[in-house]
Structures are given as C-alpha cells and as structure tokens.
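One structure is given here, and the rest of the page talks about it.
The values are calculated or read from the model by the stated rules, or taken from the named source; none is laboratory data. Being a predicted model, the structure only gives us computed values, none of them experimental. Positions of Cβ are backbone-derived with ideal geometry, glycine not excepted, and every protein chain shown enters the neighbour counts. All accessible areas refer to the heavy atoms of the entire protein, side chains included, with ligands and DNA or RNA removed. Shrake-Rupley method; radii C 1.70, N 1.55, O 1.52, S 1.80 Å.
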Amino acid sequence: MSNGMKNTYVFPLDQVPADRKALIGGKALSLSRMMTDLKVNVPFGYAVSCRAFEGSSVKKEAKEEIDALIASLDEKSTYAVRSSAINEDGEKASFAGQYETVTDVNKKDIEDALRKVIASCGSETVKEYEGSFQQEDLGIGVVIQKFVRPEFAGVVFTSDPITGADDQLVGSYVHGEGEQLVSGNANASEFRIGAIKYSYEGPEEFKCFSKKLGKYCQSIRRYYGVPMDIEWAVSGGKVYILQARPITTLQRIDMATFEVNGSMSGKKLLTRTNVGEIFMKPVSPMTFSVLEKINEMLGIPDWLECICGQAYMNVSVIASVLVSFGKSEEEAYEMTKELTGNIPQGVSRPISPFNKKAFLKNLWKLIFPKNKSKLSRKEKHRMIEELTEICEKHIETIHGIGSSGELMKYWDDVLLPALNDGLAAILAESGMKLVPLFGTRKKLGKVAGEDMANRLLGGCVGVVESMKPMLLLEDVLSGKLSKEEYVRICGHRSINEMELMEPHPYEDPSFPDNAIEQLKASGADLHAMLKSQEQAFAEVLAEFKEKYPRKAKWADKQIAKYKNANAFREEIRSKGVRIFCVFREYIRRAGVLNGIGDDCFFLMYKEMFALLSGDESMLRRISERKKTYERYLTYPPFPNLIIGRFDPGEWMKDPNRRTDYFVADLDRSEAEGDSDVSGFPGAAGVVTGKAKVILSTADIDQIEKGDILVTTATNIGWTLAFPKVAAVVTDIGAPLSHAAIVAREFGIPAVVGCGNATTVIKTGDRITVDGAHGKVTVIKE
C-alpha cells in the first residue's frame, strides 16, 4: 500500500501520525504504542480510523485506501480483523468480547469481515454494556493484522484481579485460539509467573515460554503504569502480544470525577504515619496532582497514595525498593517498622516488582537535572537562608500579573528556574544531615535499652521550627516581638499547611490576635514546659552517663547529631511550606484571571497550565470533582494501616470496624457452614440470595432482579443478564473467563469453573456466594 503517513484513514500500526492516534480506537492505539515504544513481539498490521465509517458503511473516500491496503496484502497469509472502538480497552470499561472479531480471514474475505466487525458496534449487547458503564458510542475503528496460528493462546493479568497482588502474573491458556478462553467455551490451564524472578507454576508444556511472556508483560505493565490485562499467543515457538488493556476493576483513579482509591490498583501496605500528620483532611485534586508529580520525580510509583482524598504512604513500595537492592523481605520490613508499627500476625506483607534501573535514572536526574542550577555552593546556602524574602518577592509579583499569558510566562521564565535552584539548594544543604534520624535510636538502644533510648531522643530535640508558632506568641505578649514580625515568621505554618487549597494564617488579618486569645485561654506556659523538658532530658542523660561512663562522649556526639538532624528536617519542611505558599498564590491568581476563583484547586496542575494557555476543556470536570470532594469531607478518618483492597463504604457500614488497621484477608467474612460447591474465585464479594439455574440464553427473561445466576458457562450472549443478577456461578470457566471478567466490571461476586453447580444447586435454593474464596454454600432451611 502507499506510505501510511500520506493516508487519511489507513495507517501501518507502527506509523500512525500523532494527529490521527485519537481516531484509531483503544486497541489499535495500544498495539501501535507497543510496536513503537517497547521491545515486544506484536503481529504486524494496520489501523483503520473510525472516520472511515458512517454507521455500518464504509465511506467512499476511505474505501479507496482500504482497497489499496487489501490489494497489497499477501495471498498466502490469513488475517485477523478486530474491532478498535474509541472507548474500547480503556481504564473505565474494557468492552471485553462485546464487539465482533473475525480471525483466519483470507485476503478476498477481508472486506466482508470488516463490515461484520463494524456492524457489531450497533448490537444490543454493546448498547447494554455502554448503558451499564455510562459509556457513549464514540465510533469504531478496525485493526487488520497478520493472523498468527497459535499453538497456545491465553490471557495474563499483571496483578491478581481479585486481591490486586502483583508479586505473580496470573494466567490461563488453551490450545488453539484464545477466543475459547474468553468465551468460556473451554476450560483453561492455569499458570503463575513470579513477577520478580520469573519462577513458574503450571503445566510443564508451557514452561519454556513463561519467562519470555513474563518479561513482555512486566515491560508492558511498567510502560502503562497500571495493572494490565494482556492477550497473547504462541505461534511457531514465538510469543506474540495480541492486545493489552488496563484491568478495569483495579482502577486507581477516575480523573473526571476525582474518585480515587489507591488500594484498588494492587495489594499494598499503606500507612498514615507521617503523611497523616501532614494532611489532616482530604487533599484537593490540585494537591493530589502535585503528590503524583513527586512520585514521578522520585521514580517510586504510588509512594504517596490516596484513598478518597486521605493521604497514605505506600510502605510496600519502599520495602520493594529495598528488596531490589538486595535486602530480604524480612530485612526490608524491619527497616520500615517505624512506619508500619506492629503488623497483625499471620498477615502476608506485599512485595512488588520494582524497576531499579528506572529509579536510579530518575534519582540521577533529580540530583543532576538537565537544567542544572548554576548557583555555587555558597549561593545555594544563601538561597536557603534568604528563602523567606525570595518567596515574599515572588508572591508580590504574582499578585501584580494581569493576564494568563503573562502568568504562564512568569512560570516558564522565573518560577520554574527558581524551583530548580531551590531543590538543588535543599539537596546541597541536606547532604548527610538527615542520616542520624534513621539509626541513632537503634545505636543507643543496643547500649542502654529501648526505654532509655526513647527518653534520650524524646527530650533532646530542643526548639524546632514546628514549635516556634506557639513559643513566639509569648514573645509577642511580652513585647519582645511585634505582631507583624510574628506573622512574617510563623504565618505560613498551619494544621493543613501542605494542602494547596487551604488558606494560610498570614492571609487572615486577625490571625495573630486569634492566636494570642487561644494561648491565653489555654493557660499554658510554653517556656516553662520547654524548661521542664530540658530538665528531664538532663536527668536521663546523667543517668546514662552514670551507668555507662565509657560511652558518655560517644552519647553526646550521637545525641548532638540527632538533634541537629531533627532541627534541619523541621527547618526544611518549614521552607518547603513557603514554596507551597508561592504555588498556592500562583494557583489563586490563575483562578482569578480565568474567572473561576478558588475552583482552580479542583483542577490538576497540568490542567491549570493548559487553562493558562487557552484550553478550557477541563472546566467541565470541576462540578463533579467538587461533589466528590465534598463527600470526602464527610468521611471519618480511615484506619492507620491498610493492607489489601479497602472499600470505604463497606468499612463505614460496619459497626465493629477497627480504626487501627484493616487487613482485607482478615476482615472478609467466611461463609457460614460447609461449602457445597467450590470453584475458582472469579469476582470478590459475598452475597446471599435465591438461585436461578438457567442453561440457555433463550431463558434469560426468566431472571429476576437480585437472582443469583447459576449456569454452565457464559459468553457475550449472556451480557444482558449481568445487570440484573446479584452473583454468577458457572460450571465451566476460570478467573479469566467471560463470566469472571464481566462480573468484576459489574461489581458482582462470581465463582467460576465449579464443575457441578448446575446439578447440586436447584432454582429457588437460597445460597451464599463467596467470590473471593471460590465457595458456594446452600443454606438449609
């Protein structure tokens, strides 16, 4: 065919022009990206734009390009003609099996296959699926690929679709084409591949292909940054990737609405230690986007996590970093123990594959950025010393900017270079100063025991930045410090100081007077309290030296280093807040100049910059995000420690809920009684209801709302039943079959591959389906 770059409708998958990528559909775009950006084996093929079609017909001008493509194809080969709808294979809905696919097509039959695929866009099942997931018909493109005749074909999930665990790749395969697997017409062979060292569990016949498949899948997972559902085939001894899409049920965030739950995208150990102290209320979309940028800069995915706006630290990813550098899992979690506290006994602690190479690359960029600061070491030190004055000048300038273009230019020309200089200055100042925070307690504890070590380090910190706002109020009362100077020194510090949407005290003229009244009402003598703490420290230090005289000078040095490190950490945080103040004022100015005021905080930072450049398309998202955020504000604090998938709604309904920890495996209730039927976990959840045994799609109309569907197997024809049923149980299937995939997307429990469900269970039986454990129990009346 002619060069794809000159075409309007038909393009080789590896040559799709940038301005046409939005028109070729989700499947074609994914294949195109993998062919051009990754070293994975994808069958060569072509993308036909959705604009080539009008309804179920091919446009006249597009037909010329399609005819030219068909004419250029090899007579001896056969082809696969597959749908590539615009909203197919997306993060919200996969449309798995909803559209038509025609495989092993001769060259002369491609045009008919093309029409068949296009016509499926208007089918009843597709319309029902679109309605269930609030998806609109945005058009359909088509992929025409060389058909690889598989010896094996199957699906791999890079994370367990039930638990989210990503320490193993979960897969199934059949002999021949993979359509048998997705349709549920054949039972599949199960296998697992270790995500870190590519160990293999499964049938021996497939072992020789497992490592190559595992490496391909992990490469795709890292590239997309989300758990992936990957279709593959082995043909002629080679592994091919046929399709890759996000696992819709492990979605972390819906950008349109700001529905965010980081526990859903993988099995993680999350803690609110430290971050919960910084973010005392749900973070706004703007602040969330900045935290995401920090994760990106550090090269540590999801390190700072979020559940319904409540910030968490992902300890499991920190442990995974340590494991990638040679620590054992036990050592890694021991090193993070201060973050997690005591984890309930018997609970598995997740370790995920970690891309050490990418992490070191990002760390190198952070330390040695492309736009390297030109400041000398002396100038960097002075910048830290003068940061208050520097930030005040930037804020004053921002307040005087009168147009979006000017504000954007100020970011590019002034603030961004200043931010790079500021980060370089902080790194230069930090050096090894913070190291004593992480080892001193253990060193002292080895000599004097844990109790005395805690008393020594708890009392030695002195006056740090976080204590100044209260202590200096007494100086204001005594006349040693003016109110104006107090505001200048302390007006940036507050309970939610790192939340960009939260006003800082300096913005409120009544701030110093209110603070003084609060101090008076408390009746506290802060200086006396500090003096008492110093005396207690002196006493415990004297006790230490009396017991361990030979360690006296050593202890003085250790404690001094710890004290300086603690003070430096607090100082850096204080200066970091000042930088946040500048960014807050910048965001507020962007809101004013674009007529949206503080609604600007409901944008992501990249959206704000797009707005300043004239793109207003993101403004339609503000209303839904505000509703979501207002709902988040009504939620109670979630548990301090969370392991596994956490459903806030279910947790809040539990009158016996714990606030110290939540462990998914421990909190899930077991079904009462013995399990009468067992199979594969298909979709998580526990439901009790009335069974309806249906063996044919012709009887679907017998299903009533709330029934539990019990059947031999499901395929695309059963999709219409899923919105009605409370759960699904099948005789045939596997965790990756149609019933499991669609049940997960509809959020209903499923147990698949039971073998005897339709014989043991009768219509009208009251049964309990435990999807997470693969159990079905008949309740005896």
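Summary of computed values
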{"read-out": "The chain - charge dipole about Cα centre, Lys and Arg +1 at Cβ, Asp and Glu -1, debye rounded to 20", "value": "2780 debye"}
{"read-out": "Cα-projected label distance for Asn514 with Glu75, points at 7 Å along beta-carbon direction, nm", "value": "8.5 nm"}
{"read-out": "Nearest-0.05 FRET efficiency for Glu624 and Lys762, computed from C-beta distance (R0 56 Å)", "value": "0.80"}
{"read-out": "In range of the label at Arg658: residues from the range 631-649 whose backbone nitrogen is under 13 Å from the point 7 Å along Cα→Cβ", "value": "639-644"}
{"read-out": "Extreme residue, positive dipole direction of the chain, given options Asn454, Ile247, Ser623 (C-beta unit charges)", "value": "Asn454"}
{"read-out": "Gain in span if fully extended, His381 to Val435, counting 0.36 nm per residue against the direct Cα distance", "value": "17.5 nm"}
{"read-out": "Karplus (6.51, -1.76, 1.60) ³J(HN,Hα), θ = phi - 60°, over the range 442-454, in Hz, Gly and Pro reported as x", "value": "5, 4, 5, x, 5, 8, 10, x, 5, 4, 5, 4, 5"}
{"read-out": "Extension reserve of the Lys409-Arg149 stretch, reckoned as 0.36 nm per residue once the Cα distance is removed", "value": "88.0 nm"}
{"read-out": "Surface accessible to a 1.4 Å probe, per residue, for the residues of the chain, Å²", "value": "46 Å²"}
{"read-out": "Portion, in percent, of the accessible area of the chain that falls on carbon or sulfur, probe 1.4 Å", "value": "51 percent"}
{"read-out": "Residues Ser478 and Lys281, FRET efficiency given R0 of 45 Å [Cβ-Cβ distance, rounded to 0.05]", "value": "0.85"}
{"read-out": "Calculated FRET value between Lys374 and Met470, using beta carbons and R₀ = 35 Å, to 0.05", "value": "0.30"}
{"read-out": "Residues whose placed amide H lies under 5 Å from that of Tyr46, excluding near-sequence neighbours", "value": "Leu13, Ile144, Gln145"}
{"read-out": "GluC sites (Glu not before Pro) lying in DSSP loop within the range 53-82, provided at most 15 other Cβ fall within 10 Å", "value": "Glu75"}
{"read-out": "Exposure rule at most 12 other beta-carbon atoms within 10 Å, DSSP loop chymotrypsin sites (Phe, Trp or Tyr not before Pro): the chain longest free segment", "value": "326-781"}
{"read-out": "Where trypsin sites (Lys or Arg not before Pro) in DSSP loops with at most 10 other Cβ within 10 Å are excluded, longest remaining stretch of the chain", "value": "481-704"}
{"read-out": "Helix-derived mean residue ellipticity, 222 nm - over the chain, DSSP H n ≥ 4, -39500 (n - 2.57), to 500", "value": "-12500 deg cm²/dmol"}
{"read-out": "Where labels lie 7 Å past Cα in the beta-carbon direction, separation of Lys442 and Ser617 in nm", "value": "5.0 nm"}
{"read-out": "Table column - 3J(HN,Hα) (Hz), the range 554-563, Karplus curve with 6.51, -1.76, 1.60, x for Gly and Pro", "value": "4, 5, 4, 5, 4, 5, 4, 5, 5, 4"}
{"read-out": "Degrees between helix 285-298 axis and first principal axis of the chain (Cα, 0 to 90, nearest 10)", "value": "90 degrees"}
{"read-out": "Net length gained if the chain between Ile294 and Ser328 were fully extended (0.36 nm per residue, minus Cα distance)", "value": "9.6 nm"}
{"read-out": "DSSP-loop GluC sites (Glu not before Pro) across the range 589-644, with at most 12 other Cβ within 10 angstrom", "value": "Glu616"}
{"read-out": "Rounded accessible area of Asp109 (nearest 10 Å², 1.4 Å probe)", "value": "50 Å²"}
